[in-house]
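One structure is given below, encoded as C-alpha cells.
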Amino acid sequence: MNRTAPQAPDILSPEFAADPYSAYRVLRDDFPLLHHEATQSYIVSRYEDVERAFKDPVFTTGNYDWQLEPVHGRTILQMSGREHAVRRALVAPAFRGNTLEQSFLPVIERNARQLIDEFRGSGSVDLVAEFATRFPVNVIVDMLGLDQADHDRFHCWYTAIIGFLGNLGQDPDVAEAGLRTREEFAAYLLPVIRERRDRPGDDLLSTLCAAEIDGTRMSDEDIKAFCSLLLTAGGETTDKAISSLMHNLLRHPEQLAAVRADHSLIAPAFAETLRCTPPVHMIMRQVAEDVIIGGGEVPKGSTVTCLIGAAGRDERRYADPDTFDIHRADLSSTTAFSAAADHLSFALGRHFCVGALLAKAEVEVGVAQLLDALPEVALEPGAPEPREQGVFTRGLDALRVRFTPVG
C-alpha cells in the first residue's frame with residue numbers, strides 16, 4: 001500500500017512553532033531542499049548541507065545587508081576578504097586566552113554570584129526570569145564598562161533586535177521596534193565611545209577604541225555596530241542555552257548527578273545542548289552563483305535558510321539524535337568551541353562565532369555556581385511544564401525549580 005505523500009512543513013505555521021523537531025524530520029527525509037514561498041528562501045535541513053553552507057565561500061553573508069544592517073549598522077558579519085580579516089583580528093583577542101581569563105572571568109564569576117545571592121535562600125526560583133535572561137546581559141554590560149542600572153534598557157533593545165531578525169512573517173510593528181532600537185542604541189553608545197577615546201579605561205569598549213592593526217582602527221560606527229551585535233548575539237543565545245542546559249539535566253537526573261559531581265562535564269553538557277536544543281534554530285546565507293545542494297538547484301542571489309535545529313538531529317550524522325546524552329561518542333566537547341566543532345550552533349568557517357569561548361566561560365561558571373548553590377534541585381512540583389517557544393531563536397518560557405536552601 002502506498003503511503004500518503006508527505007506535506008512540506010511551513011516554518012511560519014503555529015504547528016511548526018509548537019514542535020519544530022517533528023517538522024525537521026519530515027524536511028530532512030522528504031524535502032532536503034525546499035523553496036519557501038513566504039520568506040522567498042530555500043530551506044536546507046540535513047547536517048551535511050548546513051555544514052557546507054557555513055564552510056563553502058559561495059554561500060555568502062550578503063543577506064545580512066537587509067537582515068542585520070537596518071538594526072545594527074554594518075557589522076563584521078557582512079564583511080569579507082581583508083576587511084573581514086582585519087576587523088576580526090581587531091576584536092578577537094578580547095574573547096580568548098589571557099584577556100578572557102584575566103579580565104573577564106572575574107566579571108563573569110561576580111555577576112553569577114550576585115544574581116544567585118538574590119535567591120539562594122528562597123528554596124524556589126524561575127531560572128529563566130531570575131538568572132538566565134539577566135546573567136549574560138549583565139556580563140556584557142560590565143565587560144563594556146557600561147552602567148548596570150541600564151540593564152532593563154539593554155534587555156529591551158536586544159529583545160527588539162532579536163524580534164526584528166526573526167520577523168519572518170514581516171510584522172510591521174516588530175520591524176518598527178527593531179529600527180527604533182538602532183537609533184536609541186546609537187544615541188546612548190556613541191557619546192560613551194567618544195568619551196572612552198579621550199579617557200580610556202580597562203574595559204572592553206576602551207580596548208576596542210584603542211585596537212589597531214596595520215594602521216587600521218575601528219570607527220565609532222564600527223564599534224557601535226559590534227557592541228550592538230555582541231549584546232544581541234551574546235545575550236540572547238547564552239540566556240537560552242543556560243536555561244535549556246539546566247532543563248536538559250533536570251530531565252535526566254543521572255546526567256545531572258554526574259555533572260554535579262564533576263564540573264568538567266559542563267562543557268560536554270553545553271555542547272550536547274547546542275546540538276539537541278540549540279538557542280538559534282536558523283541562520284541565513286546568500287549564494288553568489290547557482291548552487292546544487294540538497295538534491296536541487298538554488299539560483300544565484302537566492303537566500304538559503306540553514307536549519308541548525310534540524311541538522312543537529314540528523315540521524316545521518318548522530319546516533320539516536322533525539323536523545324540528550326552528555327556522554328555521546330559522536331560529539332566532541334574538546335573541539336565544540338572552536339572552528340573545528342562537530343555541531344553547527346556557532347556556524348563554521350570564516351564566520352565562526354567570535355564569542356564561542358566567552359559563551360563557554362559564561363555557561364561553565366553560571367551552571368557550576370547554580371549547581372553548588374541549589375542542592376537537590378528539581379523541577380517545581382505542580383508548576384506548568386516548561387515550554388520551548390520561538391522559531392528563529394528558541395528557548396524556555398520559564399524554568400521553575402525547587403531546591404534545599406543552604407544555611
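The values are calculated or read from the model by the stated rules, or taken from the named source; none is laboratory data. Since the structure is predicted, the reported quantities are computational estimates derived from the model, not experimental observations. Virtual Cβ from ideal backbone geometry, glycine too; neighbours counted across all protein chains shown. These accessible areas exclude ligands, DNA and RNA; they are computed on the full protein's heavy atoms, side chains included. Shrake-Rupley method; radii C 1.70, N 1.55, O 1.52, S 1.80 Å.
Listed values, structure above:
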{"item": "Helix-only CD estimate at 222 nm, as mean residue ellipticity for the chain, using -39500 (n - 2.57) per DSSP H run (n ≥ 4)", "result": "-14500 deg cm²/dmol"}
{"item": "Ser338 paired with Glu221, simple spin-label distance in nm, labels 7 Å along Cα-to-beta-carbon", "result": "3.7 nm"}
{"item": "Stokes-Einstein diffusion coefficient of the range 54-150, Kirkwood radius over Cα pairs, 25 °C, 0.890 mPa s, in µm²/s", "result": "149 µm²/s"}
{"item": "Extension gain from Asp173 to Ala258, taking 0.36 nm per residue of separation minus the Cα-Cα distance", "result": "26.0 nm"}
{"item": "Long-range amide H partners of Met284 with built H, under 5 Å", "result": "Cys306"}
{"item": "For the chain, size of Cβ-based charge dipole, Lys and Arg +1, Asp and Glu -1, in debye", "result": "560 debye"}
{"item": "Pairwise FRET efficiency - Asp65 versus Arg180, Cβ, R0 = 30 Å, nearest 0.05", "result": "0.90"}
{"item": "Projected label distance in nm at Thr404 and Glu37, using a 7 Å step from Cα toward the beta-carbon", "result": "6.0 nm"}
{"item": "Surface accessible to a 1.4 Å probe, Asp320 within the full protein complex, Å²", "result": "100 Å²"}
{"item": "Length gained when the stretch Ala17-Ala329 is fully extended (0.36 nm per residue, less Cα-Cα span)", "result": "109.3 nm"}
{"item": "Read-out Rg and Dmax of the Cα atoms in Å, derived from the coordinates shown; its label in [x] 21.0, 77; [y] 20.7, 84; [z] 20.8, 64", "result": "[x]"}
{"item": "Förster radius 41 Å - calculated FRET efficiency between Arg74 and Asp320, Cβ distance, rounded to 0.05", "result": "0.45"}
{"item": "Residues with amide H under 5 Å from that of Ile293, placed H, sequence gap 5 or more", "result": "Val298"}
{"item": "Solvent accessible area, Å² - Arg74, 1.4 Å probe, full protein context", "result": "100 Å²"}
{"item": "Under Karplus coefficients 6.51, -1.76 and 1.60, residue-wise ³J(HN,Hα) of the range 249-262 in Hz, glycine/proline x", "result": "5, 5, 7, 10, x, 5, 6, 4, 4, 5, 5, 4, 6, 9"}
